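Following: one structure in structure tokens, then a few remarks.
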Amino acid sequence: MKTFLLCIALLCTTLGSQAQTQSGDVFAGARLGYLTLDGFNPRVYGGADLEVMVSDKIGIQYSFLGGKEYFHMPLAPFGGLFVGLAIGSTENDSTGKRNVGAGILFGLLTAIIPEGVSYNIPLESMNSSIAPYISPLQFEYIKSPSQSGGQDSYAGGAVGLRYNYFLGRIRLSLNAEYKIHYHNPVHGGISAGFGLGYNLSSQ
């Protein structure tokens, strides 16, 4: 794990600085992959990805993936639900009414927090880029025969690396990540796959 993080740090400091992507680019697409986690059967998954570039190099990520007895999504919508209910159920001191409007507003703002952040490093000579990322706000439902009747929903996180190849507005990607569930014991494992995205930006 330390070697993996060291490689990412070295790549970030040694590769070129011109951007393949621009602030405001929005890549929507599909991903297919393979997941293996400690204590669970390996499985294939597929689903949708969304990445919004908030600068030329920094992107925020969302993904919705599914497979046999498996589902993955950002954790923030669950947090938004709890924040909204907590705020909305309190009473305003001056009026005595519940703060429903504030609950809805803060719940929605919390719900759109991304599950991950990436840093895009262009490889200009190859019309491609690499993008190390951290994804600390994941939610997963995953079932295993060995855990029948036990817990099957987990918050989790990952650190990974994605290689992107650009063909006009089309982006082809390969990614690999080390992921864990925030659980005792921790479920560690590897997820790897490929994706096809399209730049929805008008730029």
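Bear in mind that the values in this text are calculations on the coordinates, not laboratory data. Only a predicted model underlies this, so the values are computations on that prediction, with no experimental measurement involved. Cβ atoms come from the backbone with ideal geometry, glycine included; neighbour counts cover every protein chain shown.
With 5 Å bins beginning at zero, the pair-distance distribution over Cα atoms of segment 120-184 amounts to 4, 15, 18, 16, 13, 11, 9, 7, 5, 2, 0 %. Extending 7 Å from Cα along the Cβ direction at Y198 and again at R98 yields two label points whose distance is 4.2 nm. Neighbour counts of other Cβ atoms within 10 Å put I130, I104, I121 in the fewest-to-most order I104, I130, I121. With R₀ fixed at 35 Å, the C-beta to C-beta distance from Q22 to I113 puts the FRET efficiency at about 0.90.
What's the center-to-center distance, using Cα atoms, between segment 158-203 and segment 22-83 in Å? When both Cα centres are located, 8 Å separates them.
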